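Each remark here refers to the structure printed beneath this line.
The values are calculated or read from the model by the stated rules, or taken from the named source; none is laboratory data. Owing to the predicted nature of the structure, the values given are computational and were not obtained by experimental measurement. All Cβ positions, glycine included, derive from the backbone under ideal geometry; neighbour counts span all protein chains shown.
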Amino acid sequence: MMKLQLVSVGLIGIILSQSNIFAAVVSLDSASPYAVLGASTVTNIGNSVLTGDLGLSPGTAITGFPPGIVNGTVNINNTSATTAQTDALQAYNDLGALAVTNDLTGQDLAQTLPAGIYSYDSSAGLSGTLVLDGPGDFVFLIGSTLTTSSASAVSLINGANVENVFFRVGSSATLGTSSTFSGTIIADSSITANTGANIEGRLIALNGAVSLDSNNVTIPEPSSALSLLIGTGLLLKRRRA
């Protein structure tokens, strides 16, 4: 039994060290389970599917569900939604305090980038594919608007993890028709996802609306290392029982 415990402790240590690779540069805390979190209103047209929670605060009007589907909890101007907005604002401020490693002002986001803290003095646009290459944090600090074109994409390769991808938008974000987006958007004002845009991540508007149109929004899965850690803990609990 002692040998089993030592092996198990060692395994947990390895898993913890691996899962630290995926620890995000800021914490969303109670906002983490939300696929969509709005402030003034959340509206939907068509058959949007949210895999994660849907929240609104301080507004009280969510429309378009159904036909939209929420595979999670809906919180409207309650303690859960209000706390999530507070934590999202804290994350927004924490992101804004990070030291910039690269200034991309004036450049299209359609390029391949390693992990880093990237800034735009004003607006940022994506006209093709943004490739995020390798493990680490990818943070984009955008002074005003974020606009992605139709059929554009954010692609993750070589260990990049969607939980480590953040877009801090100084005003509003617009995702193009049939685009594919990866990462958490925290916009000071509003977020619009045009027809057929698919998002792995979160859409969080701190002061305005989130507008959806036949979109899939899916919060990230836990990392495989974290999932294994949870499973190992359950196994040890059963053995002790």
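The table that follows gives values for the structure above.
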| item | result |
| --- | --- |
| Residue list for the stretch 146-187, restricted to those being assigned to a loop (DSSP other than H, G, I, E, B) and under 15 Å from the mean Cα position of the chain (by Cα) | 160, 161 |
| Qualifying residue in the stretch 116-124 (condition: closer than 26 Å to residue 196 by Cα and of a type outside the set (A, V, I, L, M)) | yes |
| Matching residues in the stretch 33-48 - criterion: being more than 17 Å from residue 214 (Cα to Cα), in contact with an Asp or Glu (Cβ under 8 Å, 6 or more places away or on another chain) and surrounded by fewer than 24 Cβ atoms within 10 Å (Cβ to Cβ) | 33 |
| Strands (runs of 3 or more DSSP E) wholly inside the stretch 49-137 that include at least 1 residues being closer than 27 Å to residue 161 by Cβ and touching an Asp or Glu at 6+ places or on another chain (Cβ under 7 Å) | 74-76, 116-120, 124-126 |
| Unique match (being within 16 Å of residue 203 (Cβ to Cβ), modelled with pLDDT of 95 or more, buried (at least 16 other Cβ atoms within 10 Å of the Cβ) and over 19 Å from the mean Cα position of the chain (by Cα)) among 52, 64 | 64 |
| First in the stretch 98-119 and over 21 Å from residue 24 (Cβ atoms) and without any contact (Cβ under 8 Å) to a residue 12 or more places away in the chain, second anywhere and of a type in the set (A, V, I, L, M, F, W, C) and surrounded by 16 or more Cβ atoms within 10 Å (Cβ to Cβ), Cβ under 7 Å, 6 or more apart | none |
| Per-region count, the stretch 1-29, residues surrounded by 19 or more Cβ atoms within 10 Å (Cβ to Cβ) and modelled with pLDDT of 95 or more | 2 |
| Filtered residue count, the stretch 121-139, keeping only those that are surrounded by 24 or more Cβ atoms within 10 Å (Cβ to Cβ) and either more than 15 Å from the chain's Cα centre (by Cα) or closer than 14 Å to residue 188 by Cβ (or both) | 2 |
| Residue in the stretch 76-83 that is of a type outside the set (Asp, Glu), free of Cβ contacts under 8 Å to residues at least 40 places away in the same chain and closer than 28 Å to residue 133 by Cα present | no |
| Any hit, the stretch 199-210, residues being of a type in the set (S, T, N, Q) and under 16 Å from the mean Cα position of the chain (by Cα) | no |
| Qualifying position, being out of contact with any strand residue (DSSP E or B) (no Cβ under 7 Å at 6 or more places or on another chain) and farther than 18 Å from residue 188 by Cβ, among 79, 43 | 79 |
| Subset tally (residues that are buried (at least 16 other Cβ atoms within 10 Å of the Cβ) and at pLDDT below 95) for the stretch 201-235 | 6 |
